[in-house]
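Asker: First the structure, then my questions, so here it is.
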Ligand code: PMM
């Protein structure tokens, strides 16, 4: 089985015949799991390099929290947070993805050396995103969500969440391609935790093979999310602490790899690398 990578992914990553492990690096004061840990560039860069040493293939740098209810920031604030980190990581030989909904931040970050644009709005936030990505010639992660972060939980109403998300992703794919994005550069992501209630994430995951069959590389971001915290809640219903959700994240990564995803986006990369290898071996045993 040879793996389908998005075109224009750096050659070194295209050679990998296993799901990619994308390390999360939020340079924000308020992201849900690691907010405030790395809002100073030196510590952010050191953490990114460390994640690479532990096995991350790409570091996903974000400068605006996307947790439900988060306060939006301007492109200027976002750029001031991410650019020094992107530049320093690229200078250290790290492959960087930029997690942004803003075309300007995507453009400036790619100019600074980022090699992937990860847009959790799937192009809904910024009308200039598709034309910008089209001109940049980098992979574009098109994620499913509904509404802005402040209100997305109100939009978690579906007839059938898996098929509704698949249909809406299809609409965004059509719009992106009509807007000039090369279909071979697109990675799709069902957007776990984005406009989805706890159980709806499990319903989406249960249909992951159908997302894979769409024919685009699929990225999954389950890491430490609320649906895992709820699953692991204590006897009084208190959700499990963020940092104590990694074993559950790894289980999802292994199952997602067995279902054929292209990549997993995680906070703790070390065990994730083992997890995707287990999933890949599992899928190969089936063939
Ligand atoms: N989740 C978050 C941020 N960016 N990007 C993609 N493609 N998929 C995700 O699931 C995703 C994302 C939120 O998690 P964080 O606050 O830990 O970064």
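Asker: In the stretch 182-203, how many are more than 14 Å from the ligand (Cβ to nearest atom) and touching a strand residue (DSSP E or B) at 6+ places or on another chain (Cβ under 6 Å)?
Answerer: Filtering the stretch 182-203 down to residues more than 14 Å from the ligand (Cβ to nearest atom) leaves 182-185, 197-199, 202-203.
Filter again for touching a strand residue (DSSP E or B) at 6+ places or on another chain (Cβ under 6 Å), leaving 185.
The total comes to 1.
Asker: Related question: Just checking, which of 28, 42 is modelled with pLDDT under 95, surrounded by fewer than 15 Cβ atoms within 10 Å (Cβ to Cβ) and under 30 Å from residue 244 (Cβ atoms)? Give the steps one after another, and end with the answer.
Answerer: Details: 28 fails: surrounded by fewer than 15 Cβ atoms within 10 Å (Cβ to Cβ).
Step by step, each of 28, 42 is checked, and only 42 is modelled with pLDDT under 95, surrounded by fewer than 15 Cβ atoms within 10 Å (Cβ to Cβ) and under 30 Å from residue 244 (Cβ atoms).
Asker: Does residue 240 meet the test of being surrounded by fewer than 18 Cβ atoms within 10 Å (Cβ to Cβ) and either within 14 Å of the ligand (Cβ to nearest atom) or closer than 26 Å to residue 51 by Cα (or both)?
Answerer: Working: surrounded by fewer than 18 Cβ atoms within 10 Å (Cβ to Cβ): yes; either within 14 Å of the ligand (Cβ to nearest atom) or closer than 26 Å to residue 51 by Cα (or both): yes.
Answer is yes for this residue.
Asker: Return yes or no: is residue 201 surrounded by fewer than 19 Cβ atoms within 10 Å (Cβ to Cβ) and either more than 15 Å from the chain's Cα centre (by Cα) or under 16 Å from residue 163 (Cα atoms) (or both)? Step through it out loud before you land on a result.
Answerer: Numbers: surrounded by fewer than 19 Cβ atoms within 10 Å (Cβ to Cβ): no; either more than 15 Å from the chain's Cα centre (by Cα) or under 16 Å from residue 163 (Cα atoms) (or both): yes.
Spelling it out, it is not the case that residue 201 is surrounded by fewer than 19 Cβ atoms within 10 Å (Cβ to Cβ) and either more than 15 Å from the chain's Cα centre (by Cα) or under 16 Å from residue 163 (Cα atoms) (or both).
Asker: Checking the condition within 16 Å of the ligand (Cβ to nearest atom) and in contact (Cβ under 8 Å) with a residue 60 or more places away in the chain, which residue from 266, 273, 252 passes? Step through it out loud before you land on a result.
Answerer: Working: 273 fails: within 16 Å of the ligand (Cβ to nearest atom); 252 fails: in contact (Cβ under 8 Å) with a residue 60 or more places away in the chain.
Being within 16 Å of the ligand (Cβ to nearest atom) and in contact (Cβ under 8 Å) with a residue 60 or more places away in the chain holds for just one of 266, 273, 252, which is 266.
Asker: Anything in the stretch 117-146 that is assigned to a loop (DSSP other than H, G, I, E, B) and either within 15 Å of the ligand (Cβ to nearest atom) or surrounded by 22 or more Cβ atoms within 10 Å (Cβ to Cβ) (or both)? List them, or say none. Walk me through how you get there before you give the answer.
Answerer: Going residue by residue through the stretch 117-146, those that are assigned to a loop (DSSP other than H, G, I, E, B) are 120-128, 137-139, 144-146.
Scanning the stretch 117-146 gives 120, 121, 122, 123, 124, 125, 138, 139, 144, 145, 146.
Asker: Can you tell me which condition residue 214 does not meet? The list is (1) more than 13 Å from the ligand (Cβ to nearest atom); (2) under 24 Å from residue 62 (Cα atoms); (3) touching a strand residue (DSSP E or B) at 6+ places or on another chain (Cβ under 9 Å), and all the others hold.
Answerer: Exception for residue 214: condition (2).
Asker: Considering only residues that are under 12 Å from residue 207 (Cα atoms) and under 20 Å from the mean Cα position of the chain (by Cα), which ones fall in the stretch 149-163? Give the steps one after another, and end with the answer.
Answerer: If we filter the stretch 149-163 for residues that are under 12 Å from residue 207 (Cα atoms), which is where we start, we get 160-163.
If the condition is that a residue be under 12 Å from residue 207 (Cα atoms) and under 20 Å from the mean Cα position of the chain (by Cα), then 161, 162 are the ones that fit.
Asker: Here's something else I'd like to know. Can you find a residue that is within 11 Å of the ligand (Cβ to nearest atom) and either under 23 Å from residue 136 (Cβ atoms) or in contact with a helix residue (DSSP H, G or I) (Cβ under 8 Å, 6 or more places away or on another chain) (or both) anywhere in the stretch 101-111?
Answerer: Looking only at the stretch 101-111, we keep the residues that are within 11 Å of the ligand (Cβ to nearest atom), and these are 101.
Subsequent filtering for residues that are either under 23 Å from residue 136 (Cβ atoms) or in contact with a helix residue (DSSP H, G or I) (Cβ under 8 Å, 6 or more places away or on another chain) (or both) retains 101.
Checked the stretch 101-111: at least one residue is within 11 Å of the ligand (Cβ to nearest atom) and either under 23 Å from residue 136 (Cβ atoms) or in contact with a helix residue (DSSP H, G or I) (Cβ under 8 Å, 6 or more places away or on another chain) (or both).
Asker: Turning to a different aspect of this structure: Across the stretch 48-66, which residue is nearest to the ligand (Cβ to nearest atom) among those that are under 23 Å from residue 226 (Cβ atoms) and without any contact (Cβ under 8 Å) to a residue 60 or more places away in the chain?
Answerer: Only one residue fits best here, namely 62.
The values are calculated or read from the model by the stated rules, or taken from the named source; none is laboratory data. It should be emphasised that the depicted structure is a prediction, and the values quoted were computed from it without experimental measurement. When we count neighbours, we look across all protein chains shown, and the Cβ atoms used for this are built from the backbone with ideal geometry, even at glycine.
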